[in-house]
Amino acid sequence: MNSIIFTAGARILVALVFVFSLFMLLRGHHLPGGGFIGGLLGAVAFIIYSLASGPEETRRALRVSPEVIAILGLGIALLAGLVSFFMGDPFFTGQWYWVGGDSYETAAFSINSVLVFDIGVYLVVLGGILSLTFAFEEET
C-alpha cells in the first residue's frame, strides 16, 4: 500500500496500540488483562506497521527476529516457574515480594513472579503472531 494517509495515520495508531498493549500487560495480574492480550495487542501494532510499510521495513524496525522473541519469552516464563521451585514451593507458585510495606494494601509496589510470567507470555505471543504474519505476508 502506498497511501500517504494510511502511512501517516499508522504511525500514530501503532504508538497508541503498543502503549495500550503494555498497559494491558502490566495490569494483568490484578485485573483482567495480562501477557496474552497484551501480546496480541502488541502484535496488532506491528501488523498495522507492516501493512503500512511492508514486512521488510517492519523486520528492520523490530530489530530482532520474531522467533528469537518467542524463544526468549518462553525462557522468561520458565524462569518464573523455577523461582518458586527453588523457594521450596510447587512449580509455578506465585512468589510475591512487598516493597515498602508488609502486605498488598500497605506496599508501595510489589515484585512478583506472576508479572515475570506475564512478560514471558507477552513475548511468546508477540513473537509467535509476528512469525505467522510475516510468513503469510512474504508468501504473497
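Working out 0.36 nm times the residue gap between Leu40 and Glu137, then minus their Cα-Cα distance, what length gain in nm do you get to one decimal? Please list the in-between numbers first.
On the way: separation 97, 0.36 × 97 = 34.92 nm, distance 1.76 nm.
Between Leu40 and Glu137, full extension yields 33.2 nm more.
Dividing the alpha-carbon Rg of the chain by 2.2 N^0.38 Å yields what? Show your work: numbers first, answer last.
Details: Rg = 17.7 Å, N = 140, 2.2 N^0.38 = 14.4 Å.
Rounded to two decimals, the normalised Rg is 1.23.
Counting only C-alpha contacts under 8 Å and six or more residues apart, can you give the relative contact order of the chain as a whole percent?
Once normalised by length, the contact order is 29 percent.
Taking only Cα atoms, what is the 0 to 90° angle, nearest 10, from helix 113-139's long axis to the longest principal axis of the chain?
20
How tilted is helix 4-26 with respect to the longest principal axis of the chain? Cα atoms for both, answer in degrees (0 to 90, nearest 10).
Approximately 10 degrees, to the nearest ten.
For labels at Ala15 and Ala61 in the simple 7 Å Cα→Cβ model, what's the distance in nm?
That separation, rounded to one decimal, is 1.2 nm.
If you build a Gaussian network model of the chain, linking Cα atoms that sit under 10 Å apart, which residue out of Val44, Val121, Val64 swings the most?
Among Val44, Val121, Val64, the largest mean-square fluctuation in the Gaussian network model of the chain belongs to Val64.
State to the nearest 20 debye the size of the charge dipole of the chain about its Cα centre, where the only charges are +1 on K and R beta carbons and -1 on D and E beta carbons.
260
Stretch Ile4-Leu72 to full length: gain in nm at 0.36 nm per residue minus the Cα-Cα span?
20.9 nm
Would you mind counting up the charge near Arg59? Only other residues with Cβ under 14 Å from its Cβ, with Lys and Arg at +1 and Asp and Glu at -1.
Spelling it out: positives minus negatives among the neighbours equals -3.
Taken together, the values in this text are just the output of simple stated rules run on the coordinates, not laboratory data. This one's a predicted model, so the numbers in the text were calculated from it and none came from an experiment. Every residue, glycine among them, receives a Cβ derived from its backbone with ideal geometry; neighbour counts consider all protein chains shown.
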